[in-house]
Every structure is written in structure tokens, then in C-alpha cells.
Amino acid sequence: MTIIAVLIMGTMAHYANNLMTTTQSVFSEQLLPIEKSRRELSQAALLLFQRQQQFLDASSTSELSQFADKSVIQQDFESNWQQLATLFAEEEGATLLLKNVHELFLAYIELDSDLFTLRQERIELDIQVIDKQASYEQLSQSLVNIVQDLNKRLNSEGLNNVILKFTSILEDISELRLLNYKLFPQTNDLATFVSMKQIFDDVFLSAEANVARLHSESFRLDYVNNSLDSIKNQLEALRILMDGSNGIFAIEKRIHENQNRLLMKKKQALIEMSQLSTSLNQLSQDLNRDSYQSVINDAQHADRSWWQIVTLLIVIMLSVLIFAYLLFNKITHPITSIKDSMKALSEGRFETRMTITDSQNEISLLARDFNHFSEVTQKLIADYSKAKVTLQHGKQQLSALLNGVPEAILSLNQLGEIIDINSAGESILRGSKQQLEGVHLFHFLNTENYHIDSMDELEFNGDGQGEYEGQRYDGTDFSLWLSLNRIDNGNNEIMWVCVIADITKWKQTNQQLKQMTAELNTILENAMVGIAFIKNRHIIRVNKKFEELFQVKRDEIEGEKTRFIYPSDSAFEQFGEHAAQYISVGDSYEAELELVRKNGERFWCALAGKPIDAEGPEDGSIWLFEDITAQRENEDRLTKLASIDSLTGLPNRGVFNDRLEHALHKAERNQGRVAVCFIDLDHFKHINDSLGHKAGDYLLKEVAKRIKSTIREGDTVARLGGDEFTVILEEVKSAEYVGKVVEKIIHAMAQPYFIDTTEVNVSPSIGISLYPADGRDIDLLIRNADAAMYHAKKLGRNNFQFYSHDMNSQASLRLAMETALRKAVEHEEFFLHFQPQITIASGQMSGAEVLLRWNSSQWGMVSPAEFVPILEDTGMISVVGEWVLKESCKTFLKYQHQLSEDFKIAVNLSGRQFKGGQLASRVNTILKETNMPPEHLELEITESMLMEDPALATQSLAELSDMGISLAIDDFGTGYSSLSYLKQFPLNVLKIDSSFIRDITIDRDDAAIVEAIMAMSDSLGLEVVAEGVETTEQLDFLKRYACDYAQGYLLSKPVDEQAFAELANKDRFISNDR
């Protein structure tokens, strides 16, 4: 029995061993190779995608070359794909899926090569740009060096006047060099680079004009002329570097084209990788399903064998139960574990892992392979999720594009029912997406009118597109243009894409156009001017007024040449040649000339012609004819009265504008240049005020004669008004020529004038702008010439300056600041600072000077040196000055209880506030409104303000003094510094300017002046305030000479109201030991 039992047990053990061997064989020979090959396919696709991202991020040729070879990845994919194709050769579904994966992979490989080539081309273009940048930097630096070396030499020889003439060239060259850092930072926006090129061209033209102007100076210094030649050569080299066939702008254009192609290829690669990932995922699911089924079968077989063994062992020998049970566990537990793990894997729980023992049997090896498979699959799923997110982003972009078009785009199923629609479709069909889904396309078409019963008939009717009438979802009628296309979705199913455009308004417009044509024919025949349609100088059609105007019948002249309306053959030819210059290029043309009626009578006629089609002027033109004989006679009489300046006999502003406009049109046609010169007489007002207006008028007439004598007969001199003259120079060949003409004008005007035996000298400041470099319209040229003229005045007058871009930027900033200042009070942007004035003897605060500050919402804190002159020039200082005085009084009254009994708040006055004689009245009103005691107010006036109108100043100061207000002279020593006005005006305080205080301890002259001022003030009974005290040495000096008060940063800087309130509680500002 034992032997039998042992034999039976051995037989059953052999049977169990065969069962495990078979199971292992299924895993090792079928399932694992299949899974390994499938995993390698996914790995190869992932590696190819990662390689593509790496070489797209490469920034150099050497870095890019590391990714040139992709053959290893491709070979690995091919070998594993071939292995799977062999294993599943007899399964039709798997074969088709594998074939689809292979085709997608090959397409992606081809797209990968295109992307690699485009990236390589971009890197090479970037290298070229860097080389060009270096060349640009060398050329621009060379230009700067030439000008700087020249300036050094001129400076060493004391030729400062010549250095000033080179300032504009240095500014242009510096701007060209600065453009290096604006032009070369690479950008995907080609329009931005083109706008920067326009700036480069403008600066370059300005530099050329300045070089040309200096060439015209005819310097007798060889090294100056040589430097100008070098600058000119370097500028030409710079232009070639930028505009050559292989220049910066050509390379930038190629970079932009490369970037567009690269973006398109990258989007296509993303789509194809998404499709490949989807196919690989489908393949993985099919293989996992087959593997799971195989394991289930083996597990079921093992279960049946288990019951057979148990039954047989119970019957044979209960004594060997323990042995059988152990054998059973050894066999079934690993198989059950494998079954459960495979089931979890098939359910998508890729984090599942089998327990690995230390033994090296087949089950342990299988568990290790299973765990490795799970890890790889989990990673692939994660990579797939990332690719899926990228694909969703692409879908969102496509959806945004479809929703952005104005036409309705419908996706239809095979029956023609709507399954998707864009936002424009909802608007056109007037229904929401939910309402329209499932609705048949024919619901919106009057198909019975077109005998269409199916989608196929609609597709073949007009090749799938045409115009139809229909109803919207809300039942309203509309006209539409429909385009239908058939699409195969890849599953042997047909879908339709339909595009619908609403043309209702277009058809209504077409109907209105027909009605308008009829109306226009009626208007044509009843027009008050003659109208003719002319083609190739032959009459095609005329209206009734034309017949009356020329006393002809239309059937006599239609089809005939237009020669009959001209008085002579030469007039006919000349007018035709001149008008053809405009009509042939699509422009309109206007003229006034003498024509002739059928009876031979001549008359003045105004003509206006324009091509029917500007792009095709050969198709004919429409001409208007109006008899203006009477109007012409009246205009001739009025023109003589209105076009001449009555004083000088020169053309006035209107004639100047007309001639300039004509000159610009002529220059535009001939591609020529025009110069506009703006002339202003220096200090003419002084002459007019001192010698009288009669003398001023005589001087203006003489100036007009001299200017006119220096220019050609075809050029224009005009007087715009006052002492402003303008000159138009036509057919200008170079800036040098303009400079020579202007020098002649300056020389002629510099000669003495004799007015009633009085010799008078006057000089001009002249600004010049050039067409087209400085502007292409009248207003801009005049404005730029005016800016250049003011620049000439800033440079010392009696000179001329060509316009540069910086002049307008300064004027624009001033205009913007002027506009902002007009709103500053309303917006509460002004505020006050207070700088204490300290009694030197006691060290206590006895007063404070009020200082105006501006915190602009646009520029932040603005210096008073910038905005106060604008307030003065515009007259706004009067309003702002009253605001300052009123706020100062309020502040004093607010803290009066903290201040000393003799405390004075000092406020600066402007010269504008004196004009009109109402200053004392306005101050008195403010004192009453604020209840301000006048004895606590001190008003500061400058010396120049007093001397501008001494009589008015005397009256105003006397009225203020009578009110009890203290009066102080500010910045004493910088103006007239006359003892006579100190005695003439009722002054109380004299403030020594900080420029004298600054060096009193080291400069004997300044110390002597300060000593003299204090001695003089003492003798006149005036108190003295020293401004700008910044050191203890200065304070000691002032104390030694018994100066009354000090003000400056040593004692306190200007502070706001809160800090001023804190200073009011301070006992002493000067220590006792000083």
C-alpha cells in the first residue's frame, strides 16, 4: 500500500509538476515575450518624443548634433514590431492594429526629421545675427571714436565754436549705437523689428544731413574734413550691414519664416504623437485581455486538478494528508497569487505587485517579471496622461479658432443631423447648442424649392456649395451660402462638415444698390454741373448739363474725341499729358482752364476727374465741368487783396501754405527735397519798444528786402506775422546747399540798418526742416522748423540749426507737463514744504519760507526748476500763487499757538502777479478770507521783478506795506543790486543768495561781498537773511558779522506740514556753545 501510495503520490506529483511547467511555458514563451515587445514599442515612442523635445531646446550646433542619430530607437521599434506581427499573423484584428501603429510611427519619424532640419537652420541664423551684431558694434564704436577724437583735438586748439557744430552728429551717432541694443534682441514679432528699422532709417537720414551740412561749412582744417569723410564712409558701411541682401533685416525675415514653419510642425508632431499613444494604448488593452484569459484558464485547470488530488489522497491514505496539504499549498498559492495579480492589472490597478521570495524557482522569476511589467506599464500610463493633457490643450485651441470665425460651422452625422456647432452658428441659426443638436440640416433649408431629398443630392447640387433660402430656428427667414463636405471618420462611417454664411444683409445691399443706380441716373441728369464719362479721351456718356455747357447734343459727341472742347491742339495735348500723370496712377485730378463752346465762345471751367477704378485707370474716368468765369474774375480781385502782407509786400501765411503744399506735391512726384526755414529776429521787441512801432515797421520792411535778395526767383519768402519770416527752398539737392543759402541770409541781415540816422543791428535765429526727412505735411514741417529755431535761440542766437528728433521730444514733454499742471490744483497734486528761518543770536525759529512742491500722478515728484517756468510762461502762476498764499495763511493759523509772537511766514511772489495792478487787492482779500494777521506775512520779490516795471512795483509794494505786510528782496546780489531801488521801494528784509554764502569761508571776494551787504543793510535799516547755510563754519562767519537770520540745510531742510508742526515745538536750532 505504501508503495502504491508512493507511486500514486509520485504520479500525482508528476502530474502537478507538468501542470506548473505548462503554466510557466505559457508565461515564458507566449505572454512575457508579447508583453516585452509591446512595452518596448511604447518605450521607443516615448524615447523618440523625449529626444525631439531635447533637440528642440538645443541652443548650439554642437548640442544639436548629439541628437542627430535616431537609428537605434527606430531599429528597436522595428524589431519589436516585427516580433509582434509574427506572433499575431493569424489574428486579423491585432494585425490591423499593428499595421496602424507602424504607419503612425513612420509618419512621426519623417516629421521628426523635418523638425530637426528646421531647428538646425534656426541655430545657424542666430549665429549669423550675433556676427552681424558684433560688426554693427565695431562700426558704431568706430564712428563714436572718430567724433570724440575730433572733439578732443578741437578742444585742445580752443575751437569751441566748431565743436558745437559737431554736437548734432555725435547725438545721431550715439543714437545709432544705442539702436544696436534695441534692434538686435531677437523677437518673434516681425512688425516690431520693422518699426525699429524705420527709426534707424530716420536717425541715419538725420546723420547724413548733419554730415552734409558740415561738409558745406568748407572747413580749412584738413583733419576736420578727413574726419567728415571717415564718418561718411563708416555710415555707408553701416547701411550696407543693415540693408544688404544678407543684412540684418533679411536675416530677421528668414528667422520669422523659420519660426512659423517650426510652430506648424510642432503642432503636427503633437497630434501624431497623440494618435500613436492612442493606438499603443489600444494594443496594450487587447494584449492584456488575452493574457488575462490565459491565466484564468490555467487557474481553472489547476482548481480541477486540486480536487482530483485531494479526493485521491483521502481515499489512498489519510496519513499523508499533511504531505498532500503542503504539496497543495506549494502549487496553488503562487498560481492564485498570479491570477489575482493579473486580474488587478486587467482592471487598471497598475500599482499591483507580487510578493517575491528568496527562492530562485520559476514562480519567483515570474513574480519579478510581473512586477517589472507593472512598473513599466504604470510609467507608460503616466506618460500617456501627459500626452493626453497636451492633446486636450490642442483641442481647446482648435475650439477657440472655430468659435472665432464669423461663419456657422456644423458637424453632422450620416443622416445630416447636427452633432456639434460653433458659437457663430448659434448666433446665425438663432438657437442654443442644446436646442440645435439633433436637428436635421434640411430644417433650415427650403429644400422643396430646390428638389433636394437627401444629403447626397445636396452634396452634388453645385458641387456641395451654393446660395439658398431658409428659416432660422426661431422661424425667421434668411438667405445663406452653404458649403458641404463629406468626411470618413475611419470607422467606415460618413460624417458631414457644413459651413453656413448669413448673406441676408448682402442680398439686401445688392437690392439697394440697384435702386441706388436708378436714383444716381436721375441725379446725373439733373446735376447742376456737367458730367462726362471719358475713356481713352473719347466721350462715352454725358449728362444734360454738359450739353448745355458746351452747346452740343450728346448723340453728336458720344464716341468722339474730347478735342472739340479745347481752344487749340496744344492745349488739348498739354492738358492730356498733365492729367495723365495723376489719372494713370489712380489719383484724382483737378484743374481750372479755358475751354470753348461749340459757337467758339471761351470760358473758364473748373474740371475734376477721377478714375472709376483706381487699380484700373484704363477702364475710364468720370469728369465734372463747371463754368467758373464769374467766380474766377472775383477771385482774382480778392486774391490780390488777401494774399499779400500789407507791410512788407511779401506773401502772407495763406499764400505761404499754398505754395508749400504745391512744393511738397511737386517734390513727391519728382522724388525731390524741399527745405522750410523759420526765421525769427533776435530782440526785435527791444527795438520796437525803444524806437517805436514806426521804426519797427521800417526795420521789418528792410529785413524782407534783404531776405528776398538772397534766394532764387522760384523760391518763396513770406511773413507770417510780427517778426517771423519763412522761406521755402525748392529742388534742394543737399543739406549743404541749404546751409549756404541760410548763411547768405544771416550775412545780409547782419549788416547795419539806419533808421532816422540811428544805426540799428539785428540778427536772426533760423530753424530748418527738410522734406521728406523731417516731415511729409505742412504742419509737421513748420512745427519742426519752429522747434529748430528755438533751439538756435538756446545756442546763443544769430545762427541756424537743422531739425533733430530730440527737439520735438522736449517740446512734447513740455506740452504734456503744461496740460498736467492745468489739472494739478483740481486734483490736489500741489503741496507745500516749509524751511525754517532761524534767529542766529537766539537759535530759535522766527519764520519759515514756503516752497511749492508738485507730486504728479504721471511723473511723480517734479522739480520746481522744471514746472515753475512753465507756470510763469503760461500765466498759471497767478492762480497757483494765490493758492499758495491762501494755504500758507491757513497753515500759519493752524499752528500759531506753537509759534513765536513775531513769527513770519514768507511766500514768494511771481512777476506775473504784479501785472494788472491788482496784487495788493488780491492779497488783502485772501487775508480777510483766512483771518490772517498781516504782520505775520512776508512776501519775497526778486530784483528783476522790481525793475521790469518800476512804477507799478512801487505802487503795489507801497499798498502792501501800508497793510502791514513785511517785504523782502530774494536772491540779492544776482540781479541789478542797485542801492537806488533799495531806497526807492518800501523794503524790510534783504536775503543774500546762497551762491555768495557757499564759499564765504574760502573765497575772499564772496566774504567781502557778504560783509558789504550786511553793512549796507544795517545802514538802511534792513534785516538780513542768509540763504543756503550748510556748514558750521558758514554759520560762525555770519554770527561774527551780526547777521540777523539764517536759513539752510545745516539748520533744517524743507519739510512737510507734519514735520513743520514738530519743529514748531523745538526750543533751539543752534546750540549755546556756537
Restricted to region 130-143 and to residues being surrounded by fewer than 15 Cβ atoms within 10 Å (Cβ to Cβ) and touching a residue at least 12 places away in the same chain (Cβ under 8 Å), the residue nearest to Ser60 (Cα to Cα) is Ser135
Matching residues in region 544-583 - criterion: being hydroxyl-bearing (Ser, Thr, Tyr) and surrounded by 13 or more Cβ atoms within 10 Å (Cβ to Cβ): Thr562, Tyr566, Tyr582
Under 6 Å between Cβ atoms, which residue pairs at least 6 apart in sequence (or on different chains) link something in region 151-173 that is more than 23 Å from Leu238 (Cβ to Cβ) and at pLDDT 75 or above with a partner that is of a type in the set (Val, Ile, Thr) and assigned to a helix (DSSP H, G or I)? Leu154/Val162; Leu154/Ile163
Residue among Phe996, Phe1037 that alone is of a type outside the set (Gly, Ala, Ser) and over 50 Å from the mean Cα position of the chain (by Cα): Phe1037
Scanning for something under 23 Å from Val655 (Cα atoms) and in contact with a helix residue (DSSP H, G or I) (Cβ under 7 Å, 6 or more places away or on another chain), does region 749-759 turn up at least one residue? no
Matching entry among Ile711, Ile728 (being modelled with pLDDT of 90 or more, buried (at least 21 other Cβ atoms within 10 Å of the Cβ) and either touching a strand residue (DSSP E or B) at 6+ places or on another chain (Cβ under 9 Å) or closer than 21 Å to Lys794 by Cα (or both)): Ile728
Of the conditions (1) touching a residue at least 60 places away in the same chain (Cβ under 8 Å); (2) closer than 30 Å to Lys740 by Cβ, Ala787 clears all except one; give me its number. (1)
Exactly one of these conditions fails for Ser842: (1) touching a residue at least 12 places away in the same chain (Cβ under 8 Å); (2) within 28 Å of Glu887 (Cβ to Cβ); (3) loosely packed, with under 15 Cβ neighbours inside 10 Å. Give me its number. (2)
Consider Asp131 against the criteria (1) more than 27 Å from the chain's Cα centre (by Cα); (2) at pLDDT below 80; (3) acidic (Asp, Glu); (4) not assigned by TED's automatic domain parsing to the domain that holds Gln43: it satisfies all of them except one. Which criterion is unmet? (2)
Which one of Arg597, Arg541, Arg537 is modelled with pLDDT of 90 or more, surrounded by 11 or more Cβ atoms within 10 Å (Cβ to Cβ) and at positive phi? Arg537
Is there a residue being assigned by TED's automatic domain parsing to the domain that holds Ala785, assigned to a loop (DSSP other than H, G, I, E, B), over 25 Å from Leu214 (Cβ atoms) and among the β-branched types (Val, Ile, Thr) anywhere in region 747-757? yes
Checking the structure you have, find out if any residue of region 974-986 is polar (S, T, N, Q), within 58 Å of the chain's Cα centre (by Cα) and modelled with pLDDT of 85 or more. no
From the list Ser900, Ser863, which one is within 30 Å of Arg1068 (Cβ to Cβ), surrounded by fewer than 16 Cβ atoms within 10 Å (Cβ to Cβ) and of a type in the set (Ser, Thr, Tyr)? Ser900
Some residue of region 374-384 being modelled with pLDDT of 70 or more, surrounded by fewer than 14 Cβ atoms within 10 Å (Cβ to Cβ) and farther than 22 Å from Glu40 by Cβ: no
Please verify whether Ala695 is buried (at least 18 other Cβ atoms within 10 Å of the Cβ), among the hydrophobic types (A, V, I, L, M, F, W, C) and touching a residue at least 12 places away in the same chain (Cβ under 8 Å), treating the condition exactly as stated. no
Does Glu573 satisfy the condition of being modelled with pLDDT of 90 or more and either in a helix (DSSP H, G or I) or outside the structural domain of Gln414 (by TED's automatic domain parsing) (or both)? yes
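The values are calculated or read from the model by the stated rules, or taken from the named source; none is laboratory data. Here the structure is a predicted model, which is why all the values come from computation and not from measurement. Because the Cβ atoms are built from the backbone with ideal geometry, glycine has one as well, and the counts that use them run over all protein chains shown.
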